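Colleague: Have a look at this one.
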Amino acid sequence: MTPHLRLMTANLFNGGARPEAVVQLIETLQVDVACFQELDPAQAEAIQTVLPHGKLEPRTDHEGAGLALRHPGEVDRLPLPHRDARVTRLDPRDWPHLDAPLEVVGVHLQAPHGTPPPWITLPRRRGQVAGLVDYFESVPHAHRIVAGDFNATPLWPAYHRMCEHLTDGPHALARTRGERPSRTWGPTFAAGRRLLRIDHIFTGGVEIIDCTLHTIEGSDHAALVADLA
C-alpha cells in the first residue's frame, strides 16, 4: 500500500481495454480508488477481484461506469442529463490514509461529436455541467475530487466551468515542475502520440503530489493516476 491515497480514472473503450491489462495496472500501481467510463461486464468482473468495494455498473453501449474502491464506501448516483455521475464519500475510519472525509465524483460527459448530432449532444453537455455546478454549490465539501472523461480540452467551456469551482490538479502540479500536463487521448498509442487532454482530475481542498499516465492495452484513453496528499 502506498503512503498516500492513489486515484485512477480510465475510459475502457466500451470493452476494448483488455480486462487483464486493467487488473495488472491496478495491482502494479496499488490503486485505491478507480473511476471508470465505458465499462463492460468482463472488465467489471475482473476489476472486482482486486478492488472489491464500491459499485460498478457495466454496460455494452458506451454507458457503463462505476467507482471501484479498495476499502468500503457507498456509491450513489448524481442525476445528470443522459449520464449520471457517481459519488462516494470516503470515511477515515475505513480509509487508513485519510484524516478527513474525502468525496470522489466520477464523471463522463457527453462527447460533442458523433451520434447523436450536435443539436442534441451540446445541450446535454451544458445540462451535465450545469448539474455538476449546482451540486458543488448546494452540497459543499471541504475535500473533493472530480475525475473522469470530460470530453473537453482546456479550450472548451466545460473545462472552464469546472475550473471556476475546482483546481485542475495535474495542471497545477505540472506548473510547479515547469512542465505541461500530458495529453490523455488518441486513436492509437502505437506511435506514442496522444492527441488531446480530455481526461481530468479536478480538486478542491486536496493536493496532488504526483501524477502519471499509463497506457492500457486496447483503450484509446490512457489511465490518469494521481497521488493525493
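The values are calculated or read from the model by the stated rules, or taken from the named source; none is laboratory data. Since the model is a prediction, treat every value here as computed from it, not as a measurement. FYI the Cβ positions are ideal-geometry reconstructions off the backbone, even for glycines, and counts take in every protein chain you see.
Residue-wise test of (1) surrounded by fewer than 23 Cβ atoms within 10 Å (Cβ to Cβ); (2) part of a loop (DSSP other than H, G, I, E, B); (3) touching an Asp or Glu at 6+ places or on another chain (Cβ under 7 Å).
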residue: D61; (1), (2), (3): yes, yes, no
residue: A68; (1), (2), (3): no, no, no
residue: H71; (1), (2), (3): yes, yes, yes
residue: R83; (1), (2), (3): yes, yes, yes
residue: V87; (1), (2), (3): yes, no, yes
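Colleague: A further question on this structure: When you check I209 against the structure, is it touching a residue at least 60 places away in the same chain (Cβ under 8 Å), of a type in the set (A, V, I, L, M), part of a strand (DSSP E or B) and in contact with a Cys (Cβ under 9 Å, 6 or more places away or on another chain), yes or no? Full working, then the answer.
Modeller: Numbers: touching a residue at least 60 places away in the same chain (Cβ under 8 Å): yes; of a type in the set (A, V, I, L, M): yes; part of a strand (DSSP E or B): yes; in contact with a Cys (Cβ under 9 Å, 6 or more places away or on another chain): no.
The answer is no for I209.
Colleague: Looking only at segment 162-192, which residues are in a helix (DSSP H, G or I) and either surrounded by fewer than 18 Cβ atoms within 10 Å (Cβ to Cβ) or on the phi > 0 side of the Ramachandran plot (or both)? Reasoning before the result, please.
Modeller: Step one: list which residues in segment 162-192 are in a helix (DSSP H, G or I), which gives 162-163, 169-176.
Hits for segment 162-192 are C163, A172, A174, R175, T176.
Colleague: Okay, moving on. Mind listing whichever residues of segment 43-55 are surrounded by fewer than 22 Cβ atoms within 10 Å (Cβ to Cβ) and under 27 Å from V133 (Cβ atoms)?
Modeller: Within segment 43-55, K55 is the sole residue that qualifies.
Colleague: Condition first: touching a strand residue (DSSP E or B) at 6+ places or on another chain (Cβ under 7 Å) and within 21 Å of V33 (Cβ to Cβ). Now tell me which residues in segment 133-164 satisfy that.
Modeller: Scanning segment 133-164 gives Y135, H141, H143, R144, I145, V146, A147, G148, D149, F150, M162.
Colleague: Please specify each residue of segment 160-191 satisfying the condition of being under 14 Å from L224 (Cα atoms), among the polar types (S, T, N, Q) and modelled with pLDDT of 95 or more.
Modeller: T184
Colleague: If I filter segment 125-161 down to residues being surrounded by 15 or more Cβ atoms within 10 Å (Cβ to Cβ) and of a type in the set (S, T, N, Q), which single residue comes out as farthest from T9 (Cα to Cα)?
Modeller: The qualifying residue farthest from T9 (Cα to Cα) is Q128.
Colleague: Mind listing whichever residues of segment 134-153 are in contact (Cβ under 8 Å) with a residue 24 or more places away in the chain and among the small types (G, A, S)? Explain how you work it out, then say what you get.
Modeller: Taking segment 134-153 and keeping what is in contact (Cβ under 8 Å) with a residue 24 or more places away in the chain, we get 135-137, 141-153.
Selection gives A142, A147, G148, A152.
Colleague: Same structure, new question: Can you say whether H71 is in contact (Cβ under 8 Å) with a residue 24 or more places away in the chain, of a type outside the set (D, E) and on the phi > 0 side of the Ramachandran plot, as far as the supplied structure shows?
Modeller: No, not satisfied.
Colleague: From the set of residues in segment 96-107 that are closer than 20 Å to V139 by Cβ and not charged (D, E, K, R), which is surrounded by the fewest Cβ atoms within 10 Å (Cβ to Cβ)?
Modeller: The qualifying residue surrounded by the fewest Cβ atoms within 10 Å (Cβ to Cβ) is A100.
Colleague: Follow-up question, since we're still on this one. Among the residues of segment 118-133, how many are small (G, A, S) and in contact (Cβ under 8 Å) with a residue 40 or more places away in the chain? Can you show your working first?
Modeller: From segment 118-133, those small (G, A, S) are 127, 130-131; that's our starting set.
When the remaining residues are screened for being in contact (Cβ under 8 Å) with a residue 40 or more places away in the chain, the result is 127, 131.
Count: 2.
Colleague: Among the residues of segment 1-25, how many are part of a helix (DSSP H, G or I) and more than 14 Å from the chain's Cα centre (by Cα)? It would help to see each step written out before you state the result.
Modeller: Of segment 1-25, the ones part of a helix (DSSP H, G or I) are 13-15, 19-25.
Those left that are additionally more than 14 Å from the chain's Cα centre (by Cα): 14-15, 19-25.
Count: 9.
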